[in-house]
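See below for the structure under consideration.
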Amino acid sequence: MTAVEHAAAMGAPTDLERCPIMPTYGPPAVQFVRGEGSWLWDRDERRYLDLLSGLAVTSLGHAHPEVARALCDQAHRLLHVSNLFGTEHNGPVASTLDRLLGGGGQVFFANSGAEANECALKLARKFGGGAAGRFNVVSAYGSFHGRTLATLHATGQPAKHEAFQPLPEGFRHVAWCDLDALEAALDETVAAVLLEPVQGEGGVMPATSEYFQGVRRLCDERGVLFMVDEVQTGLGRCGRWFAHQHFDVVPDVVTMAKALGNGVPIGACWARADVAAAFEPGDHATTYGGQPLATAAARAVLSVMEAEDVPGRAMHAGDRFRTGLLPVPGVTAVRGFGLLLAVELDLDARAVAARLLTDGVIVNAVTPTALRLAPSLLISDDEIDLAVAAVAAAIEAVALAAEEGNPS
Ligand code: PLP
């Protein structure tokens, strides 16, 4: 794609010398202008089946009427007053999240997943006593926790660290799902362990009950906080309200974002009340966190999610995807929980994802050999069957092209 085409795809004037958007993302393949449920439309009114939900964000599908109504009403009433004053949705949203997490905690509202994790990291340091006490955070290789400097260092992908040295101190990484490695890393300087229940960006790699229960036990023995990053996995996506609930553990801190606003930026960090009590007024803040528009969206999202039983729907839909995809030639495995799935292929997943986009279906290649599916939790059975048929056709087309020595 040329610079001019890039600019045009971003809706920028094409007579500029360069695209006015920083080159942090590759050139976009398509520009979407509207959506409804599981479907998106581009500028030419071409329709696409969205199996990615903006990277696990629009869990109720696009333009959900109840979320849209809540946003419109709120926009006409009050947009912002700052955290110096109370607003009407914070309490109800925080109470619902606390209930879904089993109770006994408190919530800080942020604007994104990285910010929810920043709150968790600061809380761990404050609770641990800081530099003179416990301050290190242990996370796993392959993890993803955000792009701010601290969450980048928590992210266990050294290649992503290289260009941004020096990173903030206080982070250690251990092998994923290896209890012995974790045990060896837990000395008296460690304040917290931070893990995803399913490594999303790392390739949809689920933890196991044995591992998470072992982590809980080790954290209890060593006086370390167990913090779970549910930014991608939380709020019904994995077939439970929070994916760690598959493992029968109760973490001390849980972070979330993405699906909480169904596309409206909002994140949240929940912590056990005695842990949250380490924070005092002035310790942590953000101008927009918990502002009325975002929390109005979150309130509507949670209410629809509960009415629709989205964890139950995700389990049912995930099973239907799995049953449909496993017999497809070229599919070697399907892993994940609920509607966060990786479809492992015996051919180039990027070529299959590109072919699917051409065919009007959106997925991404989460590894060179695996497609990630994270569709709307309200996806219908007919849409799932359509999706499975499209994936099968795309695999066949890519395999045929490779056979003919003409890789797409
Ligand atoms: N944590 C996890 C598990 C994520 O998947 C992501 C984003 O993909 C983040 C944190 C960062 O969230 P955000 O991009 O909203 O800052």
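The values are calculated or read from the model by the stated rules, or taken from the named source; none is laboratory data. Keep in mind that what you see is a predicted model, and the values were worked out from it rather than measured. In this analysis, Cβ positions are derived from the backbone assuming ideal geometry, glycine residues included, and neighbour counts consider all displayed protein chains. Side chains are part of the model used for accessible areas, which takes the heavy atoms of the whole protein and leaves out ligands, DNA and RNA. Shrake-Rupley method; radii C 1.70, N 1.55, O 1.52, S 1.80 Å.
Data overview
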{"item": "Conditions (1) open to solvent by 50 Å² or more (accessible area, probe 1.4 Å); (2) touching a residue at least 40 places away in the same chain (Cβ under 8 Å); (3) within 16 Å of the ligand (Cβ to nearest atom); (4) touching a strand residue (DSSP E or B) at 6+ places or on another chain (Cβ under 8 Å): number failed by L121", "result": "(1)"}
{"item": "In segment 272-315, residue most open to solvent (accessible area, probe 1.4 Å) [restricted to those that are under 30 Å from R134 (Cα atoms) and in a helix (DSSP H, G or I)]", "result": "D274"}
{"item": "Residue tally, condition assigned to a helix (DSSP H, G or I), surrounded by 12 or more Cβ atoms within 10 Å (Cβ to Cβ) and of a type in the set (A, V, I, L, M, F, W, C), over segment 65-100", "result": "9"}
{"item": "Failed item in (1) buried (at least 22 other Cβ atoms within 10 Å of the Cβ); (2) away from the ligand (no atom under 16 Å from the Cβ); (3) closer than 23 Å to E344 by Cβ; (4) not aromatic (F, W, Y), with D178 passing the rest", "result": "(1)"}
{"item": "One residue from F171, F226 being assigned by TED's automatic domain parsing to the domain that holds H145, crowded, with 18+ Cβ neighbours inside 10 Å and closer than 22 Å to W241 by Cβ", "result": "F226"}
{"item": "Subset of segment 378-408 [of a type outside the set (D, E, K, R) and not in a helix (DSSP H, G or I)]", "result": "L378, I379, S380, G405, N406, P407, S408"}
{"item": "Any hit, segment 343-364, residues being part of a helix (DSSP H, G or I), surrounded by fewer than 23 Cβ atoms within 10 Å (Cβ to Cβ) and in contact with a helix residue (DSSP H, G or I) (Cβ under 7 Å, 6 or more places away or on another chain)", "result": "yes"}
{"item": "Qualifying residue in segment 16-37 (condition: away from the ligand (no atom under 16 Å from the Cβ), open to solvent by 70 Å² or more (accessible area, probe 1.4 Å) and of a type in the set (V, I, T))", "result": "yes"}
{"item": "Among the residues listed as G239, G261, the single one being farther than 15 Å from R99 by Cα, of a type outside the set (F, W, Y) and out of contact with any strand residue (DSSP E or B) (no Cβ under 7 Å at 6 or more places or on another chain)", "result": "G261"}
{"item": "N90 being polar (S, T, N, Q) and within 22 Å of the chain's Cα centre (by Cα)", "result": "yes"}
{"item": "Set G142, G133: member being assigned by TED's automatic domain parsing to the domain that holds W270 and touching a strand residue (DSSP E or B) at 6+ places or on another chain (Cβ under 6 Å)", "result": "G142"}
{"item": "Per-region count, segment 316-341, residues surrounded by fewer than 24 Cβ atoms within 10 Å (Cβ to Cβ) and part of a strand (DSSP E or B)", "result": "6"}
